[in-house]
Amino acid sequence: RGHKFTNQRNNFLVFANIRNHQIQISLFEKRNLLLYNQNQFYTAKDAVYFLLLIFSQFKLNNEETPVWLSGEIVEDSELYTLFYRYIKDLRFMPSPDFLQFGKQFDSIPFHFYNDLFSINLCK
């Protein structure tokens, strides 16, 4: 079920979910969860700090390690712009494979609701 996330360049994947001025960051090495952290932030710079801290602590390559984004973030935001300044491989979470949507949903950014879609995985 869901998506298979791969990283051809190295073994690490980072997931960052933004919701209500909090950033939730998960770091995986292959299929192993290495870290889950949640921090409240007040400015975009604060959120970038928390993300870059993970890159620094685990010596991740900021040009090769993908960061999958979900939640309250869009490309034309200050937060995305700052993330992209330091992390070159930013990706938005796609809609899950197990859900089928009609054309009326084409304009909805699915990454906004990734945490809601993930509830299905708890079955």
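The values are calculated or read from the model by the stated rules, or taken from the named source; none is laboratory data. In this text the structure is predicted, and so the values were computed from the model without any measurement. For neighbour counting, all protein chains shown are included, and Cβ atoms are generated from backbone atoms with ideal geometry for every residue, glycine included. What goes into the accessible areas is simple: the full protein's heavy atoms, side chains included, and nothing from ligands, DNA or RNA. Shrake-Rupley method; radii C 1.70, N 1.55, O 1.52, S 1.80 Å.
Pairs meeting the criteria (first residue in region 71-92 and closer than 18 Å to N20 by Cβ, second residue β-branched (V, I, T) and open to solvent by 30 Å² or more (accessible area, probe 1.4 Å), beta carbons under 9 Å, at least 6 apart or on different chains) are E78/T43; Y80/V74.
Within region 54-71, if we keep just the residues that are hydrophobic (A, V, I, L, M, F, W, C) and over 14 Å from L82 (Cβ atoms), the residue that is farthest from the chain's Cα centre (by Cα) turns out to be F58. Filtering region 24-54 to residues that are in a helix (DSSP H, G or I), within 23 Å of N11 (Cα to Cα) and free of Cβ contacts under 8 Å to residues at least 40 places away in the same chain leaves V48, Y49, F50, L51, L52, L53.
Looking for something aromatic (F, W, Y), modelled with pLDDT of 95 or more and over 22 Å from N11 (Cα atoms) - is there at least one such residue anywhere in region 55-74? Can you show your working first?
First, the residues of region 55-74 that are aromatic (F, W, Y): 55, 58, 68.
Imposing the further condition that a residue be modelled with pLDDT of 95 or more reduces the set to 55, 58.
With the extra rule that they be over 22 Å from N11 (Cα atoms), the set shrinks to none.
No, region 55-74 contains no residue that is aromatic (F, W, Y), modelled with pLDDT of 95 or more and over 22 Å from N11 (Cα atoms).
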